[in-house]
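The values are calculated or read from the model by the stated rules, or taken from the named source; none is laboratory data. Bear in mind the structure is a predicted one, so any value in this text is a computation, not a measurement. Ligands, DNA and RNA are excluded from the accessible area calculation, which covers all protein heavy atoms including side chains. Shrake-Rupley method; radii C 1.70, N 1.55, O 1.52, S 1.80 Å.
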Amino acid sequence: QVQLVESGGGSVQAGGSLRLSCTASGSQFSGDVMGWYRQAPGKEREMVALILSDDSPTYALSVKGRFTISREGAKKTVSLQMNTLKPEDTAVYYCNLYSGGTIYWGQGTQVTVSS
């Protein structure tokens, strides 16, 4: 059983920064894809950033150049540094892990950016 525990998030003014972290615990896993998705009210969940098994990142166009994804802690912790935040970044952010053919989700953490 894999569990994803998220931390970070909160409220910030436009132009500010926040950092999200997510630690996976439970079964052994390696060579997996971890990342972050977000869902704004009335919208579908969308990919924000992924980090692949070789630690190469992939970003949504809307956050490229502003967000940085990284992985540490024996590849069990994934972080998302969010800079130059915009009101349109407001959403619930979900940690995601793909391991052994199964997708796992965190509980979600709210990010609110005010103008």
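In table form, for the structure just shown:
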{"item": "Accessible-area order (highest first, 1.4 angstrom probe) of the listed residues TRP105, TRP36", "result": "TRP105, TRP36"}
{"item": "Long-range amide H partners of SER99 with built H, under 5 Å", "result": "TYR104"}
{"item": "Under Karplus coefficients 6.51, -1.76 and 1.60, residue-wise ³J(HN,Hα) of region 99-112 in Hz, glycine/proline x", "result": "8, x, x, 10, 9, 10, 10, x, 7, x, 9, 7, 10, 10"}
{"item": "Share of carbon and sulfur in the accessible heavy-atom surface of the chain [1.4 Å probe, %]", "result": "49"}
{"item": "Karplus-derived 3J(HN,Hα), 6.51/-1.76/1.60, for each residue of region 84-98, Hz, glycine and proline x", "result": "6, 5, 10, x, 6, 7, 4, 4, 8, 9, 10, 6, 9, 9, 10"}
{"item": "Two-decimal log10 I(q)/I(0) for region 1-113, as the Debye equation yields it once each C-alpha is a single scatterer, q = 0.19, 0.24 Å⁻¹", "result": "-0.92, -1.43"}
{"item": "Residues of region 41-92: accessible area per residue with a 1.4 Å probe, Å²", "result": "54"}
